[in-house]
Amino acid sequence: MTIRGNRLNRYFVLLVTSLFLFSLVPRNQLLPICMGVEHLESPTPEDSPALSDVVLERVNYSTINKAGSFDGYNLFVLNERDRHLGNGSNVLVIMDMNGNIVTERQVGTDNTYDCSVEFIDPNTILMGTELGATIWHLENDSMQYLGFSGHHEYEYNPNSNTVFTFVRDHQTIGGTDYLFDTIMEYDLNGGLVWSWDVSDFISKDWWCPSHDMAGGYRDISHSNTLYYIAEEDVLYYNARNPNTFFKLNHSSKEVIWGLGEYGNFTLYDLQGNVQSELFYHAHSVEPVDDSTFILFDNDYHNQTDSLNKISRILEIKIDETTMTANESWYYEAPRIYFSAGWGDADRLANSNRLGTWGYPSTPYGAPSASLIEMDSNHKVVWRADFEHTSNHYYGIYRMERFRYRPTISSPADIVTTNSTYEIAWDAWYNYRNKRDISGNYTLYVDGVVDQSGAFEYASYWRSTTLRLTPGLPGFGTHNVTLEIDDGYGHKTSDSVSVTVNDFYIDRTGRTNVEKGQLVELPTWSGDSLSPFSYNITLNGTLHDEGTWTGQDIILSPALIDLGVHSVEFRLYNASELRYTDLFSLEVDPAQAPQISPLQATDLEKAWDAGVSLAWFISDSTPSSWSLLVEGAEVSSGDWTEQEYVVSWEVPQYPEGYYNVTLVARDILDQSTRSETNLTVTPPNYPVILSAPEDQTIAWGSVDISFLWELYGVETWILWRNGTHISSGLSDSVNLSIASWHEEGWRSGSHNLTLNAMKDGNTTSHTFWLTIVADPGDPYADEVVADRSVWYLNGENAIGSPDGVNATVFVDYENGYLTLDMGKNEEIVDGSGDDFSVMAAGGDYFVSVTDSLSTPFTSIGSGSGVLSLDLSSSGFSEVRYVRITYQLGPDIRLDAIVAMHYNTPPLDVTPPYLALNEGVESLELAENTTITWNASDQTPWSYEIYLNSLLVETDFWYGSSISYFFNASVEGQWNVTLIVYDAFGNWANDTVTIQVCVPSSGDSGALMLLGGFAIGGIALVAFFLWLKKR
């Protein structure tokens, strides 16, 4: 595996030669590379092992290094994993802050990427290789293999020169397989000297609710951190899956306490709220002081919000008396950096935090692994991103920031009257030391050893303050140099210039002042061993004189004339002139700032026009400005230049009058106001603020409405297919479909155009409304639950993308989610890609089928948003899409979006129509009711004919239809019903009735009555004919 960085093989000879010559420079003349007040020595050849033959060129990575970062070197193992085959390769890397590779070494393929690599002394690194626990001796670049292996952790015990690690403990309890861990302690020859099975204090009932599995076993403990405190013989141990870390007595095998989901602390978040858990599946727990722990909270299997997925660095402050634990600080990386596994968190020597978001995953748009340093205010000051490729992931389990030598602060040069002046230096060890470590110091004065001794570097990379009083030989300037070492011969130094005088003095304050000014005046400050005399002249004339013993001397403008003056300050010891200060002083009247507006006092702005306001302000002692609109501050700023321009882009205020006031202030708290009267007038043209877009809807849908929002409009007219349907004077137009029948909303496309008018100007908007029986959609309709496993919230993947996700994860096996696109909405094989998977998180496979009785066919894999083509699947169309977890973090699935898909066919099914009740014959003067059962999804209208004469028509709403028949005329009568749906489909039915003369009775009267009936029927038919015209 190779990293693309500096091509050091090419320049290796030049590097070694340069470092060798550099090492020949005397130690007290070294020019350190500084970051703030700290020194970073460049590594010499004896510090850094030679480069291996591996050149890390093919890894695409980048670094960002900003002011405020803690300068040093970065130690980590970079894991490269083949995306397709799953095999890996591991390289140990030492990288500087700018991404240059100092050292690299191939360390194997197994047992390395998920174990820490860290210093156990400045010449020795404990790490994992494919042969197990290994010690790398830097002084001779040799490897010592210790003869045992473990997982996740190798932790050194300096008390007994032994190493702790974990081995997996498989147990079968009640027929169920469980996985625990055993803490093992080995000597450096591989001999086991101590062990403790964590199942002694971790219950099988603590199995994670998300059902973590490993190798077919219920993964109970998943141990990943051991941190040994040598002074107390205590182990801090983290069990990932129960979300709890423990304080363990090493010698007695006693659990002192636990902190987390199954601990005995009361947990509080940063806002002081009691919580049941503070972290989920965390890594790298370690103390940073006597009561504070730092850890990497992966936020994996979050039990309050499984979709949160925000990995963070978390600090927790504890009180072992009250048994309370409080979040005290955290940094959350953006969600795209989510690290489902692995991770590291350290507090650096300057109190910055350094985190490893290192799990080898590929969330969409994010690096494969990232190292991030931030200051206490959460500002990112350094970052290294390792990008994934089409063939490889890159991961980093943990990392360490270190220096080859101790770090020492650099106090400012000193001018004093005290020959026994105490100087304080802060010192830090080379790396994050887990215990107090002895070092040595030597203090030189003018190159001669003044004093020396031993001291202890405070643990946890905290500072140790060395307060030393050099023996200064007398008045004059002296070089005081402190040299410290790490106890192993690696030294660093800092020099301070100490000037011992019988006095020292300096001037502060402004040289432009105003009458009445009381602050930031020219002021001389210092100290003296004996009284001095001073005088101040203005333009050669004595202005002030007196005796000085170290008090502040202030030059007030109160007694100075306006104008520019030449000021000379002289300080005498008896008659000897010891100090002179000559400068120009401008004294101005106590005048408020001047404001010149760059626009008219009265200003009009149309509602839809953009306008900027600006003011030129000036003053000899500027301070600040603020901008008010109707008395409320909308903007402000500091003002330091004597001439300055304030500009302001006017937001879109409603119509009306606004008072805009700029207030400028100087340091005398004098202020000036400038007012602008702004009038916002109606827009120049009628404005349609919002309007419907083209859309397709299903006929008969309820709650259908369309809204237009208007501004500055006098009147409006709404047209449908060129026909005026509505008009008004309001600022909004709301068109609702109240009745599909009465309003004539039939299938097809409808043009809806709104004209908004004002002062003869018109603004128009048109959209097309298409009415269909079923519009279909390109999204999944439902989850196929019996063909899905290990997923959460599958319903979130149904419908259009909305940012709300289903989750597919690995547990007993790789999870998968099967989605049904819907009948008549199948994805079809068209030109180019046919559908997209809207997802984020880890890698996944995509497979498809046209039927649940047909095996699924894989058509691709990837991560993030993935577009796929059906052409390789062998299907012309598919109804089911399956997303299967492959690698990395959980899959967050938002939606399936088809580019080519079937739409439901047009409605060609005629309405259902059947005679329910009728008769075949009647006698004159009898009557009957004929009833038909009728139904349709989109009923529209019906017509009834009597012997081909239309006698009744109306809208039909899908229910049964009846007709009252009166037998008034002898003969055969055909009663025909025709029903129509909204898509033009129809059905008809005819009932034949024979009307007979009764066997007895007044036939003449009956004939007369029949004549009247026929005439009536004819008259009704005539009026219906007129109505239809």
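The values are calculated or read from the model by the stated rules, or taken from the named source; none is laboratory data. On a predicted model such as this, the values are computed, not experimentally measured, just so you know. Note that each Cβ is placed from the backbone with ideal geometry, even for glycine, and that neighbours are counted across all protein chains shown.
If you filter the range 628-652 down to residues that are outside any strand (DSSP E or B) and without any contact (Cβ under 8 Å) to a residue 40 or more places away in the chain, you find that the one that is surrounded by the most Cβ atoms within 10 Å (Cβ to Cβ) is Trp639. From the list Ile135, Ile202, the one residue that fits, being within 20 Å of Tyr236 (Cβ to Cβ), touching a Ser or Thr at 6+ places or on another chain (Cβ under 8 Å) and surrounded by 15 or more Cβ atoms within 10 Å (Cβ to Cβ), is Ile202.
Of note, Tyr488 does not satisfy the criterion of being in a strand (DSSP E or B), hydroxyl-bearing (Ser, Thr, Tyr) and surrounded by fewer than 19 Cβ atoms within 10 Å (Cβ to Cβ).
For the residues Ser452, Ser438, the requirement of being free of Cβ contacts under 8 Å to residues at least 24 places away in the same chain, surrounded by fewer than 17 Cβ atoms within 10 Å (Cβ to Cβ) and not aliphatic (A, V, I, L, M) singles out Ser452.
When the range 847-893 is filtered for residues that are under 13 Å from Thr818 (Cα atoms), of a type in the set (D, E, K, R) and assigned to a strand (DSSP E or B), only Arg882 remains. Of the numbered criteria (1) at pLDDT 95 or above; (2) part of a strand (DSSP E or B); (3) touching an Asp or Glu at 6+ places or on another chain (Cβ under 6 Å), the one Ala424 fails is (3).
Which of the residues belonging to the range 389-405 are part of a loop (DSSP other than H, G, I, E, B) and either under 22 Å from Val117 (Cβ atoms) or in contact with a strand residue (DSSP E or B) (Cβ under 6 Å, 6 or more places away or on another chain) (or both)? Matches in the range 389-405: Arg403, Tyr404, Arg405.
Checking the stated criteria, Leu668 turns out to be out of contact with any His (no Cβ under 7 Å at 6 or more places or on another chain), part of a loop (DSSP other than H, G, I, E, B) and under 23 Å from Gln594 (Cβ atoms).
Being part of a loop (DSSP other than H, G, I, E, B) and not polar (S, T, N, Q) is the requirement here; does Val969 meet it?
Details: part of a loop (DSSP other than H, G, I, E, B): yes; not polar (S, T, N, Q): yes.
For Val969, the condition - part of a loop (DSSP other than H, G, I, E, B) and not polar (S, T, N, Q) - is met.
Determine if the range 859-879 includes at least one residue that is among the polar types (S, T, N, Q), over 30 Å from Arg335 (Cα atoms), buried (at least 17 other Cβ atoms within 10 Å of the Cβ) and at pLDDT below 95. The answer is yes, given that some residue of the range 859-879 is among the polar types (S, T, N, Q), over 30 Å from Arg335 (Cα atoms), buried (at least 17 other Cβ atoms within 10 Å of the Cβ) and at pLDDT below 95. Screening the range 729-750 for residues that are in contact with a strand residue (DSSP E or B) (Cβ under 6 Å, 6 or more places away or on another chain) and assigned to a strand (DSSP E or B) and picking the one that is farthest from Glu714 (Cα to Cα) gives Ser749.
State all residues of the range 779-792 that are of a type outside the set (A, V, I, L, M) and crowded, with 20+ Cβ neighbours inside 10 Å; if no residue qualifies, say none.
Within the range 779-792, Tyr779, Trp790, Tyr791 qualify.
Restricting attention to the range 941-959, does a residue exist that is on the phi < 0 side of the Ramachandran plot and touching a Cys at 6+ places or on another chain (Cβ under 8 Å)? The answer is no; no qualifying residue exists. Within the range 305-331, the set of residues being within 21 Å of Thr292 (Cα to Cα) and modelled with pLDDT under 95 comprises Ser311 only.
With respect to the conditions (1) out of contact with any helix residue (DSSP H, G or I) (no Cβ under 9 Å at 6 or more places or on another chain); (2) surrounded by fewer than 23 Cβ atoms within 10 Å (Cβ to Cβ), Tyr262 lacks only one, and its number is (1).
Among the residues of the range 406-419, at least one is surrounded by 24 or more Cβ atoms within 10 Å (Cβ to Cβ), within 30 Å of Asp297 (Cβ to Cβ) and more than 17 Å from the chain's Cα centre (by Cα). Consider the range 917-939 and keep the residues that are of a type in the set (Gly, Ala, Ser) and under 27 Å from Val969 (Cα atoms). The one that is farthest from the chain's Cα centre (by Cα) is Ala925. The numbered conditions (1) assigned to a strand (DSSP E or B); (2) over 21 Å from Leu295 (Cα atoms) are all true for Asn189 except (1).
Taken together, the criteria exclude Ile408 from residues that are outside any loop (DSSP other than H, G, I, E, B) and farther than 30 Å from Val445 by Cβ.
Only residues that are free of Cβ contacts under 8 Å to residues at least 60 places away in the same chain and either outside any strand (DSSP E or B) or within 13 Å of Phe964 (Cα to Cα) (or both) were counted in the range 911-925, giving 1. Looking across the range 770-792, the residues that are assigned to a strand (DSSP E or B) and under 29 Å from Pro939 (Cα atoms) come down to Thr770, Ile771, Val772, Glu782. Checking the stated criteria, Ser210 turns out not to satisfy the condition of being assigned to a loop (DSSP other than H, G, I, E, B), in contact (Cβ under 8 Å) with a residue 24 or more places away in the chain and under 21 Å from Ala133 (Cβ atoms). Being of a type in the set (A, V, I, L, M, F, W, C) and over 16 Å from Tyr227 (Cβ atoms), is that true of even one residue in the range 149-166? No: zero hits. Under the condition of being within 19 Å of Ala600 (Cα to Cα) and assigned to a loop (DSSP other than H, G, I, E, B), the residues counted in the range 610-627 number 2. Pairs are defined by a Cβ separation below 7 Å, a sequence spacing of at least 6 or placement on different chains, a first member in the range 859-871 that is on the phi > 0 side of the Ramachandran plot, and a second member that is surrounded by fewer than 17 Cβ atoms within 10 Å (Cβ to Cβ) and not in a strand (DSSP E or B); the pairs so defined are Gly864/Tyr364; Gly864/Gly365. For the range 753-768, the candidate set comprises residues that are in contact (Cβ under 8 Å) with a residue 24 or more places away in the chain and either of a type in the set (Val, Ile, Thr) or not in a strand (DSSP E or B) (or both); within that set, the residue that is farthest from Gly722 (Cα to Cα) is Asp759.
Figure legend. Inter-residue proximity from the range 733-750: first residues under 13 Å from Val772 (Cβ atoms), second residues in a strand (DSSP E or B) and at pLDDT below 90, beta-carbon distance below 6 Å, spacing 6+ or different chains. Indicated pairs: Ser747/Ile771; Ser749/Thr770.
Each row is one residue, and each column tells you yes or no for (1) of a type in the set (Ser, Thr, Tyr); (2) at pLDDT below 95; (3) more than 30 Å from Tyr300 (Cβ to Cβ); (4) surrounded by fewer than 20 Cβ atoms within 10 Å (Cβ to Cβ).
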position	(1), (2), (3), (4)
Gly150	no, yes, no, no
Asn161	no, no, yes, yes
Tyr178	yes, no, no, yes
Val198	no, no, no, no
Thr225	yes, no, no, no
Ala230	no, no, yes, yes
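For the structure I just gave you, tell me whether Ser705 is modelled with pLDDT under 90 and surrounded by fewer than 17 Cβ atoms within 10 Å (Cβ to Cβ). Don't jump to the end; show me each part of the working.
Numbers: modelled with pLDDT under 90: no; surrounded by fewer than 17 Cβ atoms within 10 Å (Cβ to Cβ): yes.
When the stated conditions are applied, Ser705 does not pass them.
Of all the residues in the range 500-543, those that are assigned to a loop (DSSP other than H, G, I, E, B) and closer than 17 Å to Thr580 by Cβ number 6.
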